[in-house]
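None of the figures in this text is laboratory data; all of them are computed from the coordinates on show. Since this is a predicted model, take the numbers as computed values, not measurements. Please note: Cβ atoms are built from the backbone with ideal geometry, for glycine as well, and neighbour counts cover all protein chains shown.
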Amino acid sequence: MSKKFQSELVTTKDGSHTLRIKGHDEQYHSMNGALQESMHVFLNRGFGFFEPTPDPLHILEVGLGTGLNALLTARMAVEKNIKVVYQALEPYPLTLRVLEKLNYPQLFAEPWAETAYHHIHSAPTNTYSDFCGLFYMRSVHEKVQDVVLEKNKHHLVYFDAFGPDTQPEMWSEQIFEKLYGSMRGGGVLVTYSAKGAVRRALKAAGFQVEKLPGPPGKREMTRALKTV
Ligand SMILES: C[S@@+](CC[C@H](N)C(=O)[O-])C[C@H]1O[C@@H](n2cnc3c(N)ncnc32)[C@H](O)[C@@H]1O
């Protein structure tokens, strides 16, 4: 399963690692800073959108990949002392050999980061397992196109697919409609892409779409709201 995208380790501008896809001009994160990008797009503009934060907060991630977004989210759950229920989709899970080389747990001051990272990558498929009573996670090894999603469940969707040039099929109105159906009214989907075609597909799926300043090195990103 991990064979679809062959990757190599690279260091981004903020010192955090990412993976580059061999044969494509594509990485798992921005080369301007993987950690900065994840914090900005998914945590600050996604998780941070909810004030006060619903407890529990239901999150769906499309593309677990290295687990950086999940690790940052676990830290936020602990900091805010709120329960997070996190469902991650990943049809091509990375091998332990690749994951062990990434420097993410070392970037955290929290002594439990290593344990949390291990927890994230060993999360079960059929049930949620918890980390310190606050971060409940399951990891589903299916494509977003194939998975059956519960309706009106998620407050927040982290849409972190490879870019539209590498995986155009991921950025379709049909997929956004499916995600819209899985979200509650008042919920948001955040993504790093601000392409016109992506925004149009989100609008056609029913979202109210907002352009926001992007992370360092990127002018804009997108946040899409399910209003009803
Ligand atoms: C940009 S990378 C993910 C970055 C990830 N959130 C992280 O922090 O490492 C895109 C991810 O989407 C996954 N992916 C590819 N096709 C998918 C599909 N059809 N459904 C869900 N995820 C998919 C890839 O395997 C990859 O892990």
Footprinting exposure proxy for V62, V209 (fewest neighbouring C-beta atoms within 10 Å first): V209, V62
Within straight-line cross-link reach of K101, lysines at Cα separation under 24 Å, skipping those fewer than 8 residues along the same chain: K3, K4, K13, K22
The range 42-75 and the range 9-27: distance between their alpha carbon centers, rounded to Å: 22 Å
Centre separation in Å (Cα based) which lies between the range 198-223 and the range 138-173: 16 Å
Packing-based exposure ordering (other Cβ within 10 Å, fewest first) of I21, I59: I21, I59
Per-residue [θ]222 nm for the chain (sum of -39500 (n - 2.57) over DSSP H runs n ≥ 4, rounded to 500): -6000 deg cm²/dmol
Extended-chain gain in nm, criterion 0.36 nm per residue less alpha-carbon gap, N152 and I21: 43.7 nm
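Given charges of +1 on the Cβ of Lys and Arg and -1 on the Cβ of Asp and Glu, with all other atoms neutral, how large is the dipole of the range 32-225 about its Cα centre, in debye to the nearest 20?
Values: 20 positive and 20 negative charges, 97 e Å.
That gives the range 32-225 a dipole magnitude of about 460 debye.
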Whichever aspartates and glutamates have a C-alpha closer than 17 Å to that of K178, once near sequence neighbours (fewer than 8 apart) are set aside: E61, E90, E142, D146, E150, D160, E169
Mean separation of Cα contacts under 8 Å (6+ apart) over length of the chain, as relative contact order %: 19 percent
Farthest positive-ward along the chain dipole, Cα basis, beta-carbon charges - from Y192, L35, V85: Y192
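Please state the shape class of the chain: rounded when a/c is under 1.5, otherwise prolate if a/b exceeds b/c and oblate if not, all from the C-alpha gyration tensor.
rounded
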Relative contact order (percent, whole number), the range 128-208, Cα cutoff 8 Å, 6+ residue spacing: 32 percent
Footprinting exposure proxy for S122, S16 (fewest neighbouring C-beta atoms within 10 Å first): S122, S16
Extension reserve of the E142-E169 stretch, reckoned as 0.36 nm per residue once the Cα distance is removed: 8.2 nm
For the range 134-228: rounded, prolate or oblate by the Cα gyration tensor [a/c cutoff 1.5]: rounded
